[in-house]
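Here is the structure we will look at, set down as structure tokens.
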Amino acid sequence: MRVYFFPKWLIQAVLVGLCCLLAASLLWLFFSGGEATVMADPVYQGQTTEQKVALTINVDWGEDVLPEMLDVLEQADVKATFFITGRFAENFPELVQQIAAAGHEIGNHGYKHPHPDQLSVEQNQKDITQSETILEKLIGQKPVLYAPPYGEHGQTCLQAAEQCGYTTILWTADTVDWEEPAPSHDTLVQRVTGDKLGCGAIILMHPKSHTVEALPDIIGTIKAKGYQCVKVSEVL
């Protein structure tokens, strides 16, 4: 049997390394409250196996367009999810209440539409809860769905949303209707009714005039392919 001898300096280096690793682990456990923070992933697409597609409208502007958009949805007998910022709700409370009264779902889009990934957990929490307070007062219940501005979903954003009791919603297909110059009618329709369309798909749009013009064809194409347009909560 062979006996191996290791240099004393090597043994000491290994022991020091293990001690440093142990110390770092203990510090991490102490500052994290003794347990790992496991955050839920954002939702890009619902888990439903039914032929349902969710329409979402992110709102931080567009007060002149929203009434017409609501008319289109009503005529098509479709309910959608509107993610609304707190500052918009402060400025247009009656419009927010009109959206809710029409049976649409209200989600939280933060208060002032910041870049969440540039904020700390605490700053994100403040932005979310500030919007929540305003929306809850207007619609009579706390929103439970959160759409982060710009679609940013870094660790501080996801942690803040989860700690505030929200499910973070992103999207499966995006109209990208904010582009300048504005996308064509056919482009808007194709972007959200093509290959990405499927059970539980989440479609993103904004209150833009060209989006409203394309909305009847978007809804019509979705229905023609055998899908029902619903709120986000119905596909989760």
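Looking only at residues of the stretch 148-166 that are over 13 Å from D41 (Cβ atoms) and over 12 Å from the mean Cα position of the chain (by Cα), we find that the one that is surrounded by the fewest Cβ atoms within 10 Å (Cβ to Cβ) is G165.
Of all the listed residues (I222, I202), the sole one being in contact with a Cys (Cβ under 7 Å, 6 or more places away or on another chain), hydrophobic (A, V, I, L, M, F, W, C) and closer than 16 Å to I57 by Cβ is I222. Identification of helices (runs of 4 or more DSSP H) wholly contained in the stretch 142-236 with 1 or more residues that are of a type in the set (D, E), farther than 23 Å from I106 by Cα and modelled with pLDDT of 95 or more yields 185-193, 209-224.
Please report, ordered by residue number, the helices (runs of 4 or more DSSP H) entirely within the stretch 1-104 with at least 3 residues that are out of contact with any Asp or Glu (no Cβ under 6 Å at 6 or more places or on another chain) and modelled with pLDDT under 95. In the stretch 1-104, the matching helices (runs of 4 or more DSSP H) lie at 8-31. For the condition of a type outside the set (S, T, N, Q), in contact with an Asp or Glu (Cβ under 7 Å, 6 or more places away or on another chain) and surrounded by 15 or more Cβ atoms within 10 Å (Cβ to Cβ), H185 does not qualify.
If the condition is being farther than 23 Å from G220 by Cα and β-branched (V, I, T), then the stretch 60-105 contributes I84, T85, V96. The residue pairs whose first member lies in the stretch 168-179 and is more than 15 Å from A54 (Cα to Cα) and in the same structural domain as P148 (by TED's automatic domain parsing), whose second member is of a type outside the set (A, V, I, L, M) and part of a loop (DSSP other than H, G, I, E, B), and whose beta carbons are closer than 6 Å, counting only pairs six or more residues apart or on different chains, are D177/H206; D177/K208; W178/H206. Note on the stretch 115-140: residues that are within 25 Å of Q98 (Cβ to Cβ) and either in contact with a Leu (Cβ under 9 Å, 6 or more places away or on another chain) or not assigned by TED's automatic domain parsing to the domain that holds T175 (or both) amount to 1.
The values are calculated or read from the model by the stated rules, or taken from the named source; none is laboratory data. Model, not experiment: these values are computed from the prediction. No Cβ is skipped: glycine too gets one built from the backbone with ideal geometry, and neighbour counts run over all protein chains shown.
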